[in-house]
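Take a look at the structure set out below.
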Amino acid sequence: MMRLCSCVLLMFVGGLSGCSRSVTEPAAPETLRLSASMISPVDIALEWHDPATDVAGHVLEYTNDPDKEGYVPLGFFPPNHTRFVHPRLIPETKFYYRVRAYYGPVSNSVEVSLPKELTAEAYAAAYALPEDYQWAPPATLPESSNVTKRSIRSTTTAVEAAPSNLKAELATHTVSGFKLTWTDRSSDEQGFFLEWQREGSSEFFVCALVEPDINSFGWAFEPPEKTGSFRIRASYYGEPSNVVTLLTGKDPELGE
Amino acid sequence: MNKAKVSVAVLLVGLSAAAHSQVANGPWSSWNPSFNTQTAGCGSISGSTFSLSCSTGSGEQRAERRYETFSSGTKQFQGTVRVNSLGGDRISLQQTFASDAWSMIAVKKPGTLYQVRGGNTLASYSIGSSVRINAVCYTGSDKVVNYVNGSMVETYTGGSGSYYFKLGAYRTSTGAGPVSVTWSGISFYQK
């Protein structure tokens, strides 16, 4: 509360000084900071600034009641993505937001591609049918040899602690599923991220999360995606940013 | 509106919320419907975890909560669901019933939430992560508005009569387990 009061006072001072010709820009924050604004009664724009340069990315999270429920992720963003619009929200409802940095070393990347002879029509038709994914739940497979596990949170051991030997095997009894396996070499991850790089893109995006100690799970492309590169990140989170809160208004299009 | 004014507005709202401490979500007030549990086939419930242990693609396979019927006003369901594992496909997670199974939000493959009737994709979903579902049922206009992670994903019309909410794991007509889902933060509101 005291910190918020100080921030409000600083903002009022900033506003008053803005009445004169010269405006003093506030100093850049030294920690991860989140801000939010209403761009319509039911659309909220969020922006964050992180002065740290060693992050792997940021996860933006929200809740409607921090006393009753946890935060859920809205998205995982590479370091150079610092804005997000949360659209068409529940009317007349409070939204609480925070952002956290995530860290951790990555595995080798592997390219995956569906068969070239698979047409778009056949792909869509097959994907629309139920398929057997009993092979896909996250699992911890026995390691083929002794693996020394190291910390991902120390700069001296993070490289050696990165997941290794990532493989992706197409599940031929599905149209687009594939089984991922890797060697878990980390002792202190909070989980693993599957990161996907679309063909032609320079960035990897988080597309799935699994628990610590997992070294196998299945994932599937959705039409029309047929190719991409994947890697696994042994991950952990930093401390959360400040929390911002906004109350939405009535939805002008709902008419309720 | 310049940046400084917007920032002040955000902080002032934040202070106001802190002073009231509890939820002050506009006109919404808490509602506490009763429920009973329903299991069939290979379905089982342990606390807030709902499971189908078999891969049978036929018959009734169900592990759900069925909440109290309502027929007037506007009621809102809110809950956070995590699909712990999905070895099958096409499993209903949350339903708003009218005269029959009306709105059914289900998970398919490892990565999609969809509306069972019509098959519309509602959102991407990563198995193992948590996602929040809100369903706002407007009995006066016989529609339910579904939200995933706070954002509207569909307005579903054509309801009639009385309504009720369900959550859990249920094999849809083209689906099969096994599946394990955990629900948390289950709340209801009305206005």
Inset, instruction - Filter the stretch A:198-219 down to residues that are among the polar types (S, T, N, Q) and not in a strand (DSSP E or B) and give me whichever is farthest from the other protein chains (Cβ to nearest Cβ). - result: A:S202
Inset, instruction - For the stretch B:101-183, please list each of the strands (runs of 3 or more DSSP E) lying entirely inside it that holds at least 3 residues being touching a strand residue (DSSP E or B) at 6+ places or on another chain (Cβ under 7 Å) and among the aromatic types (F, W, Y). - result: B:164-176
Inset, instruction - Only residues that are on the phi < 0 side of the Ramachandran plot and free of Cβ contacts under 8 Å to residues at least 60 places away in the same chain: list them for the stretch A:192-209, please. - result: A:F192, A:L194, A:W196, A:R198, A:E199, A:S201, A:S202, A:C207, A:A208, A:L209
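Count, please, the residues in the stretch B:141-182 that happen to be within 11 Å of chain A (Cβ to nearest Cβ) and of a type in the set (D, E, K, R).
Our first condition is that a residue be within 11 Å of chain A (Cβ to nearest Cβ); within the stretch B:141-182, this holds for B:141, B:143, B:145-155, B:171-180.
Retained after the next criterion (residues that are of a type in the set (D, E, K, R)): B:143, B:154, B:171.
Residues meeting the conditions: 3.
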Legend entry - Residue within the stretch A:163-174 that is at positive phi and either surrounded by 18 or more Cβ atoms within 10 Å (Cβ to Cβ) or in the same structural domain as A:E222 (by TED's automatic domain parsing) (or both) present: yes
Legend entry - From A:L129, A:L118, A:L74, residue being hydrophobic (A, V, I, L, M, F, W, C) and touching a residue at least 24 places away in the same chain (Cβ under 8 Å): A:L118
Inset, instruction - Within the stretch B:72-117, work out how many residues are within 13 Å of chain A (Cβ to nearest Cβ) and at pLDDT 90 or above. - result: 18
Inset, instruction - Only residues that are assigned to a loop (DSSP other than H, G, I, E, B) and either charged (D, E, K, R) or within 15 Å of B:V148 (Cβ to Cβ) (or both): list them for the stretch A:67-85, please. - result: A:D67, A:K68, A:E69
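With the condition kept exactly as written, say whether any residue in the stretch A:157-168 is away from every other protein chain (no Cβ under 13 Å), closer than 30 Å to A:Y96 by Cα and among the hydroxyl-bearing types (S, T, Y).
No; the residues of the stretch A:157-168 include none that is away from every other protein chain (no Cβ under 13 Å), closer than 30 Å to A:Y96 by Cα and among the hydroxyl-bearing types (S, T, Y).
Can you name the residue in the stretch A:220-232 that is of a type outside the set (K, R) and either farther than 17 Å from A:A136 by Cα or away from every other protein chain (no Cβ under 11 Å) (or both) and, of all such residues, is nearest to the chain's Cα centre (by Cα)? First the steps, then the outcome.
Quick first cut of the stretch A:220-232, residues of a type outside the set (K, R) only: A:220-225, A:227-230, A:232.
Checking the rest, the ones that are also either farther than 17 Å from A:A136 by Cα or away from every other protein chain (no Cβ under 11 Å) (or both) come to A:223-225, A:227-230, A:232.
Numbers: A:P223: 22, A:P224: 22, A:E225: 20, A:T227: 21, A:G228: 18, A:S229: 17, A:F230: 15, A:I232: 13 Å.
Among them, the one singled out is A:I232.
Here's the yes/no breakdown for (1) touching a strand residue (DSSP E or B) at 6+ places or on another chain (Cβ under 8 Å); (2) assigned to a strand (DSSP E or B); (3) crowded, with 18+ Cβ neighbours inside 10 Å; (4) not aromatic (F, W, Y):
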position: B:N32; (1), (2), (3), (4): yes, no, no, yes
position: B:Q38; (1), (2), (3), (4): yes, yes, no, yes
position: B:F50; (1), (2), (3), (4): yes, yes, yes, no
position: B:G57; (1), (2), (3), (4): yes, no, no, yes
position: B:E64; (1), (2), (3), (4): yes, yes, yes, yes
position: B:K75; (1), (2), (3), (4): yes, yes, yes, yes
position: B:Q78; (1), (2), (3), (4): yes, yes, yes, yes
position: B:I91; (1), (2), (3), (4): yes, yes, yes, yes
Legend entry - Unmet requirement for A:G104, which otherwise passes all of (1) in contact with a helix residue (DSSP H, G or I) (Cβ under 9 Å, 6 or more places away or on another chain); (2) under 28 Å from B:S173 (Cβ atoms): (2)
Legend entry - Output for the stretch A:115-130, where each listed residue is out of contact with any strand residue (DSSP E or B) (no Cβ under 6 Å at 6 or more places or on another chain) and either within 14 Å of chain B (Cβ to nearest Cβ) or not in a loop (DSSP other than H, G, I, E, B) (or both): A:A120, A:E121, A:A122, A:Y123, A:A124, A:A125, A:A126, A:Y127, A:A128, A:L129
Inset, instruction - Return a yes/no flag: does the stretch A:80-87 have any residue that is under 18 Å from A:S235 (Cα atoms) and more than 14 Å from chain B (Cβ to nearest Cβ). - result: no
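If you check A:E143 against the conditions, is it in a loop (DSSP other than H, G, I, E, B), under 16 Å from the mean Cα position of the chain (by Cα), farther than 22 Å from A:Y127 by Cα and assigned by TED's automatic domain parsing to the domain that holds A:E225?
On the way: in a loop (DSSP other than H, G, I, E, B): yes; under 16 Å from the mean Cα position of the chain (by Cα): no; farther than 22 Å from A:Y127 by Cα: yes; assigned by TED's automatic domain parsing to the domain that holds A:E225: yes.
When the stated conditions are applied, A:E143 does not pass them.
The values are calculated or read from the model by the stated rules, or taken from the named source; none is laboratory data. Bear in mind that the values here come from a model prediction, so they are computed numbers and not experimental data. Glycine gets a Cβ as well: all are built from the backbone with ideal geometry, and neighbour counts include every protein chain shown.
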